[in-house]
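Note sheet for the following structure.
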Amino acid sequence: MFTLTLKFSRVVNKRNGKWKIVQILVGSSPSSFLQWPYCLRRCSYCNFNKYISRDNNDHMMTECLQKETETLLQLSQVSCVTSVFFGGGTPSLAHPSTVAAVLETVSGQASLSEKAEVTLEVNPTPVGMSKLEDFCRAGVNRFSIGVQSLQDDDLKILGRDHSSRQALQTIEEARRLCPGRVSVDVMFGRPKQSVESWENELSKLLRVCDDHMSLYQLTLERGTQLFKQVQGGEVTVPAEDVTAEMYQCARRTLHQHGFLQYEVSNFAKHKAVSHHNMSYWKGRQYIGVGPGAHGRFVLPGEGGVAREARTQTLEPDVWMREVQQRGHGTRRRIQLNHLELLEEVLVMGMRMTEGINHKHWELFSPQLSLREVFGRSTDVQELLQSGRLILDDRGLRCSWDGLALLDSMLPALLVELERQISQRLQRDHHTDGQTKKTSNPR
Amino acid sequence: MSFSLVKRWCETPLLRRVLQFKTYRRKILNYNMTYTLLRHRWMKRLPVLSSSFKMISTQTDKDAVDLSKFPADRIRNFCIIAHIDHGKSTLADRLLEMTGAIAKTEKNKQVLDKLQVERERGITVKAQTASLFYNHEGQQYLLNLIDTPGHVDFSYEVSRSISACQGVLLIVDANQGIQAQTVANFYLAFEAQLAIIPVINKIDLKNADPERVESQIEKVFDIPREECIRISAKLGTNVENVLQAVVDRIPPPEASIDDPFKALVFDSNFDHYRGVVANIAVFGGRVKKGDRIVSAYLGKTYEVNELGLLRPDEHSTGKLFAGQVGYIVAGMKDVKEAQIGDTLYLQEQPVEALPGFKPAKAMVFAGMYPMDQSEYQGLRSAIEKLTLNDSSVTVQRDSSLALGAGWRLGFLGLLHMEVFNQRLEQEYNASVIVTAPTVPYKAVLSSAKLIKEHGSKEITIVNPAQFPDRTVVSEYLEPMVLGTILAPDSYTGKIMSLCLNRRAVQKNMLYIDDQRVMMKYLFPLNEVVVDFYDLLKSLSSGYASFDYENAGYQAADLIKMDILLNGRPVEELITIVHRDRAYSSGKAMCERLKDSIPRQMFEIAVQAAIGSKVIARETIKAYKKNVLAKCYGGDITRKMKLLKKQAEGKKKMRLIGSVEVPKDAFINVLKRKQK
């Protein structure tokens, strides 16, 4: 039920004109997400929390990650961690001993079963590749490799520090170490990309990849170098119609090759889904560790019953100071009310092809069933009639076509959810106020 | 639009006027001539009282003012008229300084322009009055200067001011020469039969060419060049001559102190403490503090609390006498009680009312809505306050399904509308959505039933949604204006094609000198209200000037154009257009809508249609993919915020069929384009 996400944010370390990165993410069930906040260089499309560190402070960073992991696990009173995810940043820049130390801390606080999924994000550089074996020894049993593209020119535009050949070698090495537990991240909608070249790239990847693939459409984020280049007309990205076609084409191709889509951007064969990520979409609790990490968990230690959204301090230096002073670097704590929790469950759950089943919804909303919430709305009815949304005995989910348009449907669903919950609250309030002469006629 | 224009219409058919403008002969130029003011022919010309006066020792000795010592023949009432920026307000500053009304300092810049918008734009919006004491050949004179707005949109103010005057100073820039508003203002004064003193200003400029301007004046206005006074208001050069000319050439008002008291209300302001402050011109008799006076319009009686001169600040004198111009406070609590054009008389001595003015007719209408409905009350009170001092703005409550509750305001013209908006924003800090301006169309009804319903055969349509169907109408009418364009002749070709594009008919063309051309065109008002002036300015590199006066209504082939979203009409976007312009304006609206309606899950057809015939179409393509690529634990807060915002926005969307249209889309289509 709980995911620990230990999170390292990235720090880019400039030394001798070279960028050095270290990054971690950790996840559990409660998952934890560990973030390593360092990168060697800034990717042109990335607006992630990442830093260029001034000193060699890996050791201190490790200590702090351990400390925060310990503190937050204690606060959550978690007994069993089911997955850990080292992300970031570029966690493969961290020393394997850091990963080992953090995992040791996790085991010290809660039971970390043999079967727990421990994923590490890897940059497919020769350095990253050379450490894979040590990471495995440290306890990592799943690799997620940021291939992004197999075109060297594109890798340059994206500001990546590896070549396609290095990527292929890294996949091979990772598969050797963790067969069936290697994921490949690829990006589409890249500058100058065509549907045809995307198809070719996909076939090439399918020949070398393992059982898991994540396909992300390149998102132009404000403040990134790529955003500026596109704004300034130096670089053009494919039109929306083209990227939509790339997405559909990839879905078809992967399907033909036995990859089942289980989420908007995630595909797996032989049931090799990422359990850690599934727990996000299923609305489970998780702990985020590291600069800028997010968590969602109940704090029974403080008498809490409601789930809290916790955000850790962003800047690594400040975060480290805070961890040293008070054991954790939580910058913000917000109690999620019932509606907010259901909103997250809905928004995250609908990203899965299986959607939200009745039983799952009932866990969070015992009073109002999916049908009670969405069955009456005319907006939702229209979505159902259009065939993009399905509400049946299994639950609520998107159709194949609907999944690509999820963000156009969510506002209507959220409006309806809010209306039903607030009506429900008013009704309860109203009946509470009356003497209980008769049972509620509802 | 104004008293004089309306009157002019009744007297002269349009065409004759248009063709005649060159042949106007100045009948009353000789200031020695005794002349009769046709406007005030009810007034008998009586011999001027010639008692001896004790001269006021110092001009600045305000407290010593004894107005009884200024009989009508020592009074001159005049105003200054000019094209924008020709130096009207600067000359007023100099006149005020030279007569001691204000101290002479560097800071005197457009003293009479009190409003922020006036100072910023260098225009006068609201007429101001200042009484000056001037010593000429041993005699003390009381000169009443009424500073008038220069723009045609405010010609209502101009003609009101003119009605209280006997003469005008017509200022022309020595560099720019005669401009469109110079011509328009000249005719206002000319037809009111005022003495006109041409003043050529800015002779200190490097490119000044007063000789050329003099010959223009001779050619266009038929005023001998010798009568022009060359000055530099900025430097004060020759301004003394202007004052002398005012005394010498402008006749004194024809008013007798022996008549019963009779005064014309030619302007009013509202003061929160004292109520209405009315500007009056005394046409006969005398009035003093404590007198009980009656408004001829309402028949209500008031007691005079305070009265005096404007120098230009209020200067209480306790009395006002025939021929004088000043202010009066008489306990009027509502600005509507001081009807402009009203006649005031003493309770015990009723007189026949002066003919007054026809109310200004709004010619440009625009919807005004608060940015957010919660600001409705605030905006309402701001509009109310502003209209207190600008009675020419008409206000009608209106509401739009998309923009909520608001108003449809009528203005005298475009500049008037812009100035109103600017004052609303600057003086009342109100943010408003202003829709694109429209003009009042008319329909002549053919159905007896409808005629009975409306109580008249001819109805005015201000709101396009109320446009009556062709089948019940014998003809539609649209408002016309007579436009005057002055420009260097090298731009003639471009200007002519622009005018033709705007359905204009050329009425006249005249070289006012060897390089500058004056053209007169009859325009449908609708064709000039939106962007005509901007285009004219840009195609002539800023050299052309434009002005217009109302020219009645003409039959026009008007049609109602609907805008459809997936086949459903959108009520707030109904537009009345001329058949010839339907395609281009329909296309433009479709394009603007296409750009402002967000893509949805289905395709949206944006169409302009006349009846059942679609004349323009744009398509908003359906979303093929709209889903965030990466969504894990880390960034969910941001994602949730965005979705919640969209969900909130969805509640506020206007639903046309199943198409969700955000308020912004309506604003983008309806509002005026920013320059």
Exercise. Given the conditions (1) within 16 Å of residue A:124 (Cβ to Cβ); (2) among the β-branched types (Val, Ile, Thr); (3) over 25 Å from the mean Cα position of the chain (by Cα), which single one is not true for residue A:236?
Worked result: (1)
For this session: Could you check, for region A:337-357, whether at least one of its residues is open to solvent by 60 Å² or more (accessible area, probe 1.4 Å), within 14 Å of chain B (Cβ to nearest Cβ) and either charged (D, E, K, R) or touching a strand residue (DSSP E or B) at 6+ places or on another chain (Cβ under 9 Å) (or both)?
Result: yes
Seminar exercise, completed: Note on region B:599-636: residues acidic (Asp, Glu) and more than 18 Å from residue B:656 (Cβ to Cβ) are B:635
Exercise. Of everything in region A:79-95 that's open to solvent by less than 10 Å² (accessible area, probe 1.4 Å) and assigned to a helix (DSSP H, G or I), which residue is farthest from residue A:299 (Cα to Cα)?
Worked result: A:92
Problem set entry | Selection count, region A:245-258, where residues are open to solvent by 20 Å² or more (accessible area, probe 1.4 Å), under 21 Å from residue B:626 (Cα atoms) and either in contact (Cβ under 8 Å) with a residue 12 or more places away in the chain or at the interface with another protein chain (Cβ under 9 Å from one of its Cβ atoms) (or both) | 3
Problem set entry | Subset of region B:424-478 (residues that are among the small types (Gly, Ala, Ser) and either part of a strand (DSSP E or B) or in contact with a helix residue (DSSP H, G or I) (Cβ under 9 Å, 6 or more places away or on another chain) (or both)) | B:430, B:431, B:436, B:443, B:446, B:447, B:465, B:474
Problem set entry | Any chance residue A:370 is within 19 Å of residue A:283 (Cβ to Cβ), open to solvent by less than 10 Å² (accessible area, probe 1.4 Å) and within 14 Å of another protein chain (Cβ to nearest Cβ) | no
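Table: residues versus (1) outside any helix (DSSP H, G or I); (2) small (Gly, Ala, Ser); (3) modelled with pLDDT under 95; (4) open to solvent by 30 Å² or more (accessible area, probe 1.4 Å).
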{"position": "B:220", "(1), (2), (3), (4)": "no, no, yes, no"}
{"position": "B:226", "(1), (2), (3), (4)": "no, no, yes, yes"}
{"position": "B:240", "(1), (2), (3), (4)": "no, no, yes, yes"}
{"position": "B:254", "(1), (2), (3), (4)": "yes, no, yes, no"}
{"position": "B:259", "(1), (2), (3), (4)": "yes, no, yes, yes"}
{"position": "B:263", "(1), (2), (3), (4)": "yes, yes, yes, no"}
Seminar exercise, completed: Residue set B:511, B:548; condition of a type outside the set (Val, Ile, Thr) and over 24 Å from residue B:462 (Cβ atoms); output residue B:511
Problem set entry | Test result for residue A:284, within 14 Å of chain B (Cβ to nearest Cβ), basic (Lys, Arg) and over 22 Å from residue A:144 (Cα atoms) | no
Exercise. Going by the conditions given, is residue A:261 open to solvent by 30 Å² or more (accessible area, probe 1.4 Å), in contact with a Ser or Thr (Cβ under 7 Å, 6 or more places away or on another chain) and assigned by TED's automatic domain parsing to the domain that holds residue A:184?
Worked result: no
For this session: Given the conditions (1) in contact with a Pro (Cβ under 7 Å, 6 or more places away or on another chain); (2) within 10 Å of chain B (Cβ to nearest Cβ); (3) acidic (Asp, Glu), report the number of the one that residue A:315 does not fulfil.
Result: (2)
Problem set entry | Hits in region B:616-638 (condition: farther than 25 Å from residue A:401 by Cβ, surrounded by fewer than 17 Cβ atoms within 10 Å (Cβ to Cβ) and more than 8 Å from chain A (Cβ to nearest Cβ)) | B:617, B:638
For this session: Please specify each residue of region A:198-222 satisfying the condition of being more than 13 Å from chain B (Cβ to nearest Cβ), charged (D, E, K, R) and open to solvent by 40 Å² or more (accessible area, probe 1.4 Å).
Result: A:199, A:204, A:207
For this session: Please specify each residue of region A:106-122 satisfying the condition of being open to solvent by 20 Å² or more (accessible area, probe 1.4 Å) and not aliphatic (A, V, I, L, M).
Result: A:107, A:108, A:109, A:111, A:113, A:114, A:115, A:121
Seminar exercise, completed: Taking region B:591-610 and keeping residues away from chain A (no Cβ under 14 Å) and in contact (Cβ under 8 Å) with a residue 40 or more places away in the chain leaves B:592, B:593, B:595, B:596, B:605, B:606, B:607, B:608, B:609, B:610
Seminar exercise, completed: Apart from one, (1) charged (D, E, K, R); (2) open to solvent by 40 Å² or more (accessible area, probe 1.4 Å); (3) more than 20 Å from residue B:73 (Cα to Cα) all hold for residue B:267; the odd one out is (2)
For this session: Please work out which one of (1) open to solvent by 30 Å² or more (accessible area, probe 1.4 Å); (2) closer than 30 Å to residue A:195 by Cβ; (3) outside any helix (DSSP H, G or I) is the condition residue A:156 fails and give its number.
Result: (3)
Problem set entry | Boolean, residue A:330 is within 11 Å of chain B (Cβ to nearest Cβ), polar (S, T, N, Q) and over 25 Å from residue A:356 (Cβ atoms) | no
Problem set entry | Contacts under 8 angstrom Cβ, first residue in region B:561-589 being without any contact (Cβ under 8 Å) to a residue 24 or more places away in the chain, partner hydroxyl-bearing (Ser, Thr, Tyr) and open to solvent by less than 60 Å² (accessible area, probe 1.4 Å), 6 or more apart | B:577/B:585
Exercise. Where in region B:325-405 are there strands (runs of 3 or more DSSP E), lying wholly inside it, with at least 1 residues that are of a type in the set (Gly, Ala, Ser), out of contact with any helix residue (DSSP H, G or I) (no Cβ under 6 Å at 6 or more places or on another chain) and open to solvent by less than 10 Å² (accessible area, probe 1.4 Å)?
Worked result: B:325-329, B:364-370
For this session: Hey, can you tell me all the residues within region A:225-244 that are open to solvent by less than 20 Å² (accessible area, probe 1.4 Å) and either on the phi > 0 side of the Ramachandran plot or within 14 Å of chain B (Cβ to nearest Cβ) (or both)?
Result: A:243, A:244
Problem set entry | Search result, residues across region B:639-671 that are within 14 Å of chain A (Cβ to nearest Cβ) and of a type in the set (S, T, N, Q) | B:646, B:658
For this session: Could you check, for region A:259-267, whether at least one of its residues is under 15 Å from residue A:188 (Cβ atoms) and out of contact with any Leu (no Cβ under 9 Å at 6 or more places or on another chain)?
Result: no
Problem set entry | Residue in region B:297-314 that is surrounded by the fewest Cβ atoms within 10 Å (Cβ to Cβ), counting only those that are among the charged types (D, E, K, R) and assigned to a strand (DSSP E or B) | B:303
For this session: Return the pairs, sorted by first residue and then second, in which the second residue is open to solvent by 50 Å² or more (accessible area, probe 1.4 Å) and of a type in the set (Ser, Thr, Tyr), the first residue lies in region A:110-124 and is within 11 Å of residue A:79 (Cα to Cα), the beta carbons are less than 6 Å apart, and the residues are 6+ apart or on different chains.
Result: A:110/A:79
For this session: Return the only residue of B:568, B:599, B:581 being open to solvent by 20 Å² or more (accessible area, probe 1.4 Å) and modelled with pLDDT under 90.
Result: B:581
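The values are calculated or read from the model by the stated rules, or taken from the named source; none is laboratory data. Just so we're clear, the structure is a prediction, and the values are computed from it rather than from any experiment. Quick reminder, even Gly has a Cβ in these numbers, built from the backbone with ideal geometry, and neighbours come from all protein chains shown. The area values use the complete protein model at the heavy-atom level, side chains included, leaving out ligands, DNA and RNA. Shrake-Rupley method; radii C 1.70, N 1.55, O 1.52, S 1.80 Å.
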